[in-house]
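What follows is calculated from the coordinates using simple rules that are stated; it is not laboratory data. Every value quoted in this text rests on a predicted model; they were computed, and no experiment measured them. Ideal geometry is used to build each Cβ from the backbone, glycine not excepted, and the neighbour counts take in all protein chains shown.
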Amino acid sequence: MEIALISDLHANIEALDATLKDIEAQGVKKIFCLGDIIDYGPNPCEVLDIAIARFELNILGNHEEALMMVAEDFNERAMRSVDWTRDTINDPDVPRDKRHAYWNFLDGLAKSRYAKQGENLFLHGSPRQPTRDYVFPKDVKNTEKMQQIFAGFKGGVRYCFCGHSHIPGIYTAKGQYAHPGKIKGGEVDLSKFDKLLINIGSVGQPRDNDTRASYVILYDQRVVFRRVEYDFHATANKLRDIKRLPSFLAERLLVGK
Ligand SMILES: [Fe+2]
């Protein structure tokens, strides 16, 4: 059974719609989301509607955590976005039953910090800390960090799928990183690796100098990285009209950074 894995949608409905179309075109029905459904983007309610109706598994991201609990590691600009998102979900113009559905959903998410299915582990950050720990390509030089991350592959886990850094790629236990652009056909044969950390990239705010939405399809023993074009100008224009949000949130979509 194949599964589409998506993450870091960040309230970007244009990117999510385009990604859902691509998933459908690939004939994939099942969708797992690895967190950060909301925040940064202009359409939190619309993206939450889809997450509630359509995704089979949802994992807690640090932005949902920040919205519901404390945002200790968020700077002032990031807090402005969290506050705007909270106010938008709570807006009295949003029907009452919808507002309840959003908070019920978010409340349920708080308990879903990771999910394990056979050899696969799904989470937002890393096995060291499931919601907030970042893994970046430069970390392969940090042997201690990488060892700690792979030490978290417990109970028969061989493949850990994550998001959070918004930079797709694979990390081996031997301390190597490869961007999907450097992997032939963007396709990884999992059986060739004893253990692997797979970052699936971001749908709604890619940061690897590529503006296209990033996601992966997991087949039994194979992972395929995919990129999807979407109208990022439309999203950026909406963001520019929201004066409470910092303008760099619009500008970064135009460069994928
Ligand atoms: Fe994120």
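Odds and ends about this structure:
- Across the stretch 18-25, computed HN-Hα scalar couplings (Karplus, 6.51 cos²θ - 1.76 cosθ + 1.60, θ = phi - 60°) run 5, 5, 4, 5, 5, 4, 5, 5 Hz from first to last residue, x flagging Gly and Pro.
- For the chain, the mean residue ellipticity at 222 nm estimated from helices alone is -10000 deg cm²/dmol, where every DSSP H run of n ≥ 4 contributes -39500 (n - 2.57) and the total is divided by all residues, rounded to the nearest 500.
- Residues N209 and R244, FRET efficiency given R0 of 22 Å [Cβ-Cβ distance, rounded to 0.05]: 0.20
- Distance from the stretch 161-226 to the stretch 9-46 (C-alpha centre basis), Å: 17
- Mean Cβ neighbour count within 10 Å, used as a protection proxy, ranking 41-51, 150-160, 98-108, 114-124 highest first: 41-51, 114-124, 150-160, 98-108
- Principal axis extents of the Cα atoms in the chain, from largest to smallest and rounded to whole angstrom, are 52, 34, 33.
- Straight-distance crosslink candidates among lysines, where the alpha carbon sits under 27 Å from K184 and sequence neighbours closer than 8 are dropped: K21, K29, K30, K138, K141, K174, K192, K195, K257
- Ranked by the mean number of other Cβ atoms within 10 Å of their residues, highest first, the peptides 16-28, 181-193, 216-228 fall in the order 216-228, 16-28, 181-193.
- Stokes-Einstein translational diffusion, the stretch 109-257 - Kirkwood Rh over all Cα pairs, 1.002 mPa s, 20 °C, in µm²/s: 132
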